[in-house]
Amino acid sequence: MARHGVMRAERRGAAGDGNTTRAHAAPGPDRRMNAGFHLNAKADEMSVRSLLSDTRARLRAHGLTETACSTVEIVLAEALNNIVEHAYTGSDAGEIGLHAGLGAASLTCTLSDQGAALPAPHLPAGRLPDMGAGADALPEGGFGWFLIRSLTRDVRYAREGDTNRLTLCFDLPDPEDGYR
Amino acid sequence: MELHETCHDGIKIVTVPEARIDAAAAIRFKDAMRAATADGPDHVVLDLSNVDFVDSSGLGAIVAAMKQMGQGRRLDLAGMTPDVAKVFRLTRMDTVFVIHDRADGAARRDAG
């Protein structure tokens, strides 16, 4: 992959634009600006596992660090679990689409499904559940939206016809927390 | 879910052999923990060193496993991998459990 980039730059150089420094613009193993990919899965727990593992492999190949990959996987796991448990509840498992768009310092993931619409007009605020008083009162759930909100820059939801579209935006600015 | 159990110096170490405690595994994990901690030592260390990923369902199941052990008993965690540690840190659940680097270290320290 890196060789292709160099070859293209050399051609540009040969064409006489004089800007040969562009040949060194791709430090990552497969760094692509404005690259993306699309994956589909059935809306059940085991298919979600495979979808998460496939997505992580793709993001790694695009040069994201393990820290960034884990952030994305934690958020996608919660959003996908919500689709399996709430959007498609009780009905035959439908399909989930995942589109990932990689920018220079950001990642946008859009999840689409044809399940039930989110009931509230506003997305959950995602506050950390009350820790309660003592071990017996500790919460066993309610962490999903907290994790989504904590690890994303922006979350948007739209109902378009019979389709739910949840857009999750991540900043990848820091080399420690973004691209390799 | 099949959990591995060993006892060292009055502490039971329960090891999760699977790579994920997620929505697909949470209920099986909680049931297996109930069986593994039904009797035996009051001090149990859950070895998570094989676990790469925990989602909120898995986190809830670990909390439930601690609660279902009952009062006067103790569940520690050990061997957290980076993604698992991140979920515990973000949700502040790392303040609820005693967390050891390694399960055998937990047993040695408490015995010594």
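Looking across the stretch A:48-74 at every residue that is touching a residue at least 12 places away in the same chain (Cβ under 8 Å) and more than 13 Å from chain B (Cβ to nearest Cβ), the one that is farthest from A:Arg149 (Cα to Cα) is identified as A:Ala61. Out of everything in the stretch B:93-107 that is closer than 21 Å to A:Ala133 by Cα and in contact with a strand residue (DSSP E or B) (Cβ under 6 Å, 6 or more places away or on another chain), what residue ends up being farthest from the other protein chains (Cβ to nearest Cβ)? Looking at the filtered set, the residue picked out is B:Ile99. Here the stretch A:152-168 is the region considered, the condition is being surrounded by 18 or more Cβ atoms within 10 Å (Cβ to Cβ) and outside any loop (DSSP other than H, G, I, E, B), and the residue that is farthest from the chain's Cα centre (by Cα) is A:Asn164. For the stretch B:9-32, a residue qualifies if it is under 28 Å from A:Glu45 (Cα atoms) and away from every other protein chain (no Cβ under 13 Å), and the qualifying residues are B:Val14, B:Thr15, B:Val16, B:Pro17, B:Asp31, B:Ala32.
Residues in the stretch B:63-92 that are within 9 Å of chain A (Cβ to nearest Cβ), buried (at least 21 other Cβ atoms within 10 Å of the Cβ) and under 22 Å from B:Lys12 (Cβ atoms): B:Val63, B:Met66. For A:Leu76, indicate whether it is crowded, with 18+ Cβ neighbours inside 10 Å, assigned to a strand (DSSP E or B) and at pLDDT 95 or above. Judged against the criteria, A:Leu76 is not a match. Among the criteria (1) more than 11 Å from chain B (Cβ to nearest Cβ); (2) of a type in the set (A, V, I, L, M); (3) free of Cβ contacts under 8 Å to residues at least 40 places away in the same chain, the one A:Leu128 does not fulfil is (1).
The values are calculated or read from the model by the stated rules, or taken from the named source; none is laboratory data. Just so it is clear, the model here is predicted, and its values are computed rather than measured. Every residue, glycine as well, gets a Cβ built from its backbone with ideal geometry; the counts of neighbours run over all protein chains shown.
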